[in-house]
Amino acid sequence: MKHLLIVLLLSVFFSSCLDLDDNLYSPTKLTSYERDNYDGETEIVLDDTYIIPDSLIYEFTLNSKDSTESSSTKIFATYIGSLSRIDRDTVIMYCHGNSDHMDKYWPRAKLLAHTGSKNRFGVLMIDYRGYGLSEGKPSEIGLYADVDAALQWLEDNGLTDNRLVIYGYSMGSAPATELTANARSMKPSKLILEAPFASAEVMVQDAAELSVPASFVTNLEIDNAEEIKKVRGPFLWFHGKADDFLYIETHGEIVYKNYLAPDSVAYRVENANHTDLPSVMGFDEYNAAILDFLTNY
Amino acid sequence: MIQCIFNNVKNSLKILNNMKIFYLLLTVIIVTLSSCAPTRIVKPLKKGEKTASFHFGGPIIRYSNFNIPVPFTSLTYAYGFTNELTLFNSLHTTTLLYKTVHTEFGTLINIYDPKCYGYRPWITISHVANILFDTRKYNVKYWPQLDINAYWHYKQKDNYFYLGLSNWFEFASHKAHEERQTDHYFLSPYAGHTFSGKKMEYTLEFKYLTPYISNQLSVVEKNSFGKKGVNGIYINITRKF
């Protein structure tokens, strides 16, 4: 009986000491944003023709507050485009992936800013809490709050729902899908997902082969495959066929299949892995696909 | 030298950045749920005999340029109910660290006794109920398991060599998002050797996990003979009472 009691006490002690969830986030802190002067790893490399003039780059901070916080968290954002035209332009809210900071994704944001022609569309990118210069610690609830704070800023600067497009890449597919399906400050009129998660449950079952509930290993509740069912606006999906992080069969195809409205476009890109889709597809073709979606749907 | 090793580890982690670390940990935890434990008991205990075992090891994965067994740990308590029937209970301590309780309740019965030492083995069957529940949402799952073992003694000595086949059954017809659950049987052959002393036993076991299921659809590189299955290595330390 004594031994049983010791085992039970040890079980309770051990069963609360480790958490997997934090490992989803892979932020790196910075002391300043370097953008084009950043010499770390980036996912795509652009030539000088893609340089954005300093007059069209606006770095600022936002106050983000999730439902569990008593005070706001300061997060950093970069807008590419003319602030004075937000009340007329179409703006792409770019939700980056799970690693490092905005400098790593700066070439991707610049590439988006060349959709159609240079600075035809505005692009807003933020560093989620804990990333880059943003304060705080990453969390799933924080992702949604941070992107929503950015949408609130766009609305305050004159953007309307019909000119808001949200783009989610990899982990960024979670806030992009969530805030399109369950609108808060603004309701994006179009959704673009690149290499999205299906759900935390699929991540677990990909690893297990068995039908294992996600809650056996994680608190994450990301469920793009369910949330996308609520999306009524047009949807553009990119996924590399050689993606070895988020498999196209178990993640992307499920999300795409679950989109129930009629206006969807899919690009299943041969030989593209998780991080190199725009390069493998070709920058011009990638931009053309987005332009076609933005102008014809 | 130390700085060099430190830099290598740092570089490896950088390569593993993105979602790889998340997936690595996910796999480390999750595969312990799917028949990655060693065989608990192969040979029935004598009536009234008790043992406590510590199990260490798991499937071999490639990590930072090395092939390493995933360091799962679990504990087993066994009791000889009769000379032919042994009862046991195991607790997966690694899974417990991540807030999920995985326990096994099992029986081992002797089904064939050759009565003499020779080429004919003793044969035993083990029925196991794998019960898991998490402390997050209180989901509960049950997977039955059936193992068959054959073991050979070396003449009069207590040391023995064994072969076996383990099978987990997955009854669910669907996975997440109504996708079909295609695999319902998780068969894994194994071979091991037990060095038996008066008070202690030491076992080394090799297990070839699900040799017919592709190991390609995985972020974590698994060690195997080909593109299917995963090799596993386990060490058991048992104290007899």
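The values are calculated or read from the model by the stated rules, or taken from the named source; none is laboratory data. As the structure is a computational prediction, the values presented were derived from the model and not from experiment. Neighbour counts are summed over all protein chains in view; Cβ atoms, including those assigned to glycine, are modelled from backbone coordinates with ideal geometry. For the accessible areas, the whole protein counts, side chains as well, though only heavy atoms, and no ligand, DNA or RNA atoms are used. Shrake-Rupley method; radii C 1.70, N 1.55, O 1.52, S 1.80 Å.
Each residue in the range B:105-147 was checked for being within 14 Å of chain A (Cβ to nearest Cβ) and in a strand (DSSP E or B), and 11 of them qualify. When A:ALA288, A:ALA272 are screened for being of a type in the set (A, V, I, L, M) and open to solvent by 30 Å² or more (accessible area, probe 1.4 Å), only A:ALA288 passes. You will find that of A:TYR128, A:TYR105, the residue that is aromatic (Phe, Trp, Tyr), in contact (Cβ under 8 Å) with a residue 40 or more places away in the chain and not in a helix (DSSP H, G or I) is A:TYR128 and no other.
Across the range B:130-141, what is the total count of residues that are within 25 Å of B:LYS50 (Cβ to Cβ) and either open to solvent by 10 Å² or more (accessible area, probe 1.4 Å) or touching a helix residue (DSSP H, G or I) at 6+ places or on another chain (Cβ under 6 Å) (or both)? Total meeting the criteria: 1. Residues in the range B:103-129 that are open to solvent by less than 20 Å² (accessible area, probe 1.4 Å) and farther than 18 Å from B:SER166 by Cα: B:PRO114 alone.
A:VAL265 falls short on exactly one of the conditions (1) open to solvent by 10 Å² or more (accessible area, probe 1.4 Å); (2) out of contact with any Gly (no Cβ under 9 Å at 6 or more places or on another chain); (3) more than 30 Å from B:LEU132 (Cβ to Cβ); (4) part of a loop (DSSP other than H, G, I, E, B), and that condition is (4). Among the residues making up the range A:135-149, those that are in a loop (DSSP other than H, G, I, E, B) and closer than 16 Å to A:ASN23 by Cβ are A:LYS137, A:PRO138, A:SER139. Would you say B:HIS184 is touching a Phe, Trp or Tyr at 6+ places or on another chain (Cβ under 9 Å), surrounded by fewer than 18 Cβ atoms within 10 Å (Cβ to Cβ) and closer than 19 Å to B:GLY58 by Cα? No, not satisfied.
The residue that is most open to solvent (accessible area, probe 1.4 Å), among those in the range A:102-153 that are out of contact with any Lys or Arg (no Cβ under 6 Å at 6 or more places or on another chain) and on the phi > 0 side of the Ramachandran plot, is A:GLY116. Residue check: B:PHE169 meets all listed conditions (1) within 14 Å of chain A (Cβ to nearest Cβ); (2) surrounded by 15 or more Cβ atoms within 10 Å (Cβ to Cβ) but one, namely (2).
Which of the residues belonging to the range B:193-219 are open to solvent by less than 10 Å² (accessible area, probe 1.4 Å) and more than 12 Å from the chain's Cα centre (by Cα)? Matches in the range B:193-219: B:THR194 only.
Give the range B:78-96 a look and list any residue that's within 30 Å of B:LYS115 (Cβ to Cβ), of a type in the set (Val, Ile, Thr) and buried (at least 19 other Cβ atoms within 10 Å of the Cβ), or say none. Residue satisfying the conditions is B:THR86 alone. For B:TYR190, indicate whether it is outside any loop (DSSP other than H, G, I, E, B), in contact (Cβ under 8 Å) with a residue 40 or more places away in the chain, away from chain A (no Cβ under 14 Å) and surrounded by 13 or more Cβ atoms within 10 Å (Cβ to Cβ). When the stated conditions are applied, B:TYR190 passes them. Filtered by the rule that a residue be open to solvent by 50 Å² or more (accessible area, probe 1.4 Å) and away from chain A (no Cβ under 14 Å), the range B:63-77 gives B:TYR63, B:ASN65, B:PHE66, B:ASN67, B:ILE68, B:PRO69. Among the residues making up the range A:268-297, those that are among the β-branched types (Val, Ile, Thr) and either under 25 Å from A:GLN205 (Cβ atoms) or assigned to a strand (DSSP E or B) (or both) are A:VAL269, A:THR275. Close contacts from the range A:37-55, counting a first residue that is closer than 15 Å to A:ASP100 by Cβ and a second that is among the β-branched types (Val, Ile, Thr), with Cβ to Cβ under 9 Å and a gap of 6+ residues or different chains, come to A:GLY40/A:THR28; A:GLU43/A:THR275; A:ILE44/A:THR275.
One residue stands out among those in the range A:70-92 that are under 22 Å from the mean Cα position of the chain (by Cα) and not hydrophobic (A, V, I, L, M, F, W, C): the one that is surrounded by the fewest Cβ atoms within 10 Å (Cβ to Cβ), which is A:LYS74. Taken together, the residues in the range B:193-231 that are facing chain A (nearest Cβ under 10 Å), outside any strand (DSSP E or B) and in contact (Cβ under 8 Å) with a residue 24 or more places away in the chain amount to 3. Take the conditions (1) modelled with pLDDT of 95 or more; (2) more than 14 Å from chain B (Cβ to nearest Cβ); (3) out of contact with any His (no Cβ under 9 Å at 6 or more places or on another chain); A:HIS96 misses just one of them, which is (2).
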